[in-house]
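Trainee: One structure follows; several queries about it will come next.
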Amino acid sequence: MTATKDAFFKPEKVSPQDKAATTDSVARSLIEAEAVARERKTEALKALRLQREAIEAENAPAPKKRAVKKAVKRG
């Protein structure tokens with residue numbers, strides 16, 4: 001293959017509509033990828049929080065019962 005200008009560079013210009021469409025599709029794919037990553041992270045953090053709360057509930061001591069004092073009538 002011979003190295004020519006046409007082999008490395010596009011001879012025609014890209015239309016503004018094509019540039020806009022490419023930019024739009026790339027931006028939408030990036031936004032979607034970020035949303036998926038955010039949802040995945042949220043689910044992982046939620047699972048860890050629920051696991052921690054379950055462990056804390058098992059290890060928590062039972063609340064101590066307080067004695068009920070009866071009111072003394074004066075009179």
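Trainee: In the chain, if the dipole is taken from +1 on Lys/Arg beta carbons and -1 on Asp/Glu beta carbons about the Cα centre, which of V72, V36, A20 is farthest to the positive end?
Mentor: So the residue furthest toward the plus end is V72.
Trainee: Further question on the same structure: Give me the Kirkwood hydrodynamic radius of region 6-66, using the inverse of the mean 1/r over all pairs of distinct Cα atoms, in Å to one decimal.
Mentor: Averaging 1/r across every pair of different Cα atoms and inverting gives 16.9 Å.
Trainee: Once label points are set 7 Å from the Cα along Cα→Cβ at both A44 and A71, what is their separation, rounded to one decimal in nm?
Mentor: Taking the two extended label points, one gets 5.8 nm.
Trainee: Would you mind checking the tilt of helix 16-59 against the longest principal axis of the Cα atoms of the chain, expressed as 0 to 90 degrees and rounded to 10?
Mentor: It is inclined by approximately 20 degrees.
Trainee: Right, next: Treating only the Cβ atoms of Lys and Arg (+1) and Asp and Glu (-1) as charged, compute the dipole magnitude of region 16-75 about its Cα centre; round to the nearest 20 debye.
Mentor: Result for region 16-75 is approximately 1400 debye, rounded to the nearest 20.
Trainee: Compute the length gained on full extension between V14 and A60: take 0.36 nm times their separation in residues and subtract their Cα-Cα distance, giving the result in nm to one decimal.
Mentor: Length difference between fully extended and current span is 9.9 nm.
A short reminder: the numbers here are calculations on the coordinates, not readings from a lab. Only a predicted model underlies this, so the values are computations on that prediction, with no experimental measurement involved. Quick reminder, even Gly has a Cβ in these numbers, built from the backbone with ideal geometry, and neighbours come from all protein chains shown.
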